[in-house]
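Asker: Dropping a structure here in structure tokens format, bear with me for questions.
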Amino acid sequence: MTEKRAIASIKRVMDKHPRLTREGFLDFIHHRYETSRAALLDPDSVAEFLRARDFLSDCNIRKTINRAWGTSASSFARAAEKDCGVYISTGAVIAAAVSLGAKVQRIEYMANAWLSIGRRRGTCLVRRRRTSISLRSDAPHKPVNDAPVLDG
């Protein structure tokens, strides 16, 4: 997706969800509402949107809202950050999810939201296998978490 198409997609999502900002869902009277809403169209936020969209494209879009632990928009944002190594805002994840056809439900009194997205295909969003990294070359490298990788 080009940057121009991404901006158009973000604008469509913003029209559909007037409370959506870079920080997630904020009330109109919130002191950061206007600046955070405008920031959703900044070049950095558009790049975050594209990274979030790429990350979420590997996830299952569900028919119903997913309220399982670790599946809120901010949880997906943190998982996408770990995957690509740079910050991704909650608002960018929500916009990416809606642009992919997911449903969104704001969590009451919070900027966060539940999404109709399942866990990432082939991996578990919350518990992923990581390899320990040591500065010593003779140190054994073994998985930090021996828990099985779950499909969701």
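The values are calculated or read from the model by the stated rules, or taken from the named source; none is laboratory data. Keep in mind that this is a model prediction, so the values were computed, not measured. Don't worry about glycine lacking a Cβ; one is built from the backbone with ideal geometry, like all the others, and counts go over all protein chains shown.
Asker: Which residues, counting only those in segment 76-98, are within 16 Å of residue 21 (Cβ to Cβ) and in a helix (DSSP H, G or I)?
Answerer: 77, 90, 91, 92, 93, 94, 95, 96, 97, 98, listed by residue number.
Asker: Next question. Restricting the search to segment 24-69, which residues are under 15 Å from the mean Cα position of the chain (by Cα) and of a type in the set (S, T, N, Q)?
Answerer: Within segment 24-69, 45, 57, 60, 66 qualify.
Asker: Would you mind stating whether residue 127 is surrounded by fewer than 24 Cβ atoms within 10 Å (Cβ to Cβ) and at pLDDT 90 or above?
Answerer: No, not satisfied.
Asker: Now for a different question. Residues of segment 61-75 being out of contact with any helix residue (DSSP H, G or I) (no Cβ under 7 Å at 6 or more places or on another chain) and outside any loop (DSSP other than H, G, I, E, B), which ones?
Answerer: Listed by number, the residues that qualify are 61, 62, 63, 64, 65, 66, 72, 75.
Asker: Mind checking which residues of segment 25-49 are buried (at least 19 other Cβ atoms within 10 Å of the Cβ) and modelled with pLDDT under 90?
Answerer: Correct list: 26 only.
Asker: Could you give every pair whose Cβ atoms fall below 9 Å, whose first residue belongs to segment 7-18 and is free of Cβ contacts under 8 Å to residues at least 24 places away in the same chain, and whose second residue is among the basic types (Lys, Arg), counting only separations of at least 6 or pairs across chains?
Answerer: 18/37
Asker: Taking only pairs six or more apart or across chains, which ones have beta-carbon atoms under 6 Å, a first residue in segment 91-107 that is crowded, with 24+ Cβ neighbours inside 10 Å, and a second residue that is polar (S, T, N, Q) and part of a helix (DSSP H, G or I)?
Answerer: Taking only residues 6 or more apart or on different chains, the pairs are 92/45.
Asker: Among the residues of segment 1-20, how many are buried (at least 20 other Cβ atoms within 10 Å of the Cβ) and closer than 16 Å to residue 108 by Cα?
Answerer: Residues flagged as buried (at least 20 other Cβ atoms within 10 Å of the Cβ) and closer than 16 Å to residue 108 by Cα within segment 1-20 amount to 1.
Asker: Can you pull out the residues in segment 21-41 that are without any contact (Cβ under 8 Å) to a residue 60 or more places away in the chain, under 21 Å from residue 107 (Cα atoms) and not in a helix (DSSP H, G or I)?
Answerer: Listed by number, the residues that qualify are 27, 28, 29, 30, 31, 32, 40.
Asker: Something else now. Are any of the residues in segment 42-60 acidic (Asp, Glu), in contact with a Phe, Trp or Tyr (Cβ under 8 Å, 6 or more places away or on another chain) and in a helix (DSSP H, G or I)?
Answerer: Yes: segment 42-60 contains one or more residues that are acidic (Asp, Glu), in contact with a Phe, Trp or Tyr (Cβ under 8 Å, 6 or more places away or on another chain) and in a helix (DSSP H, G or I).
Asker: Do we find that residue 149 is aliphatic (A, V, I, L, M), at pLDDT below 90 and in contact with a Gly (Cβ under 6 Å, 6 or more places away or on another chain) in this structure?
Answerer: Judged against the criteria, residue 149 is not a match.
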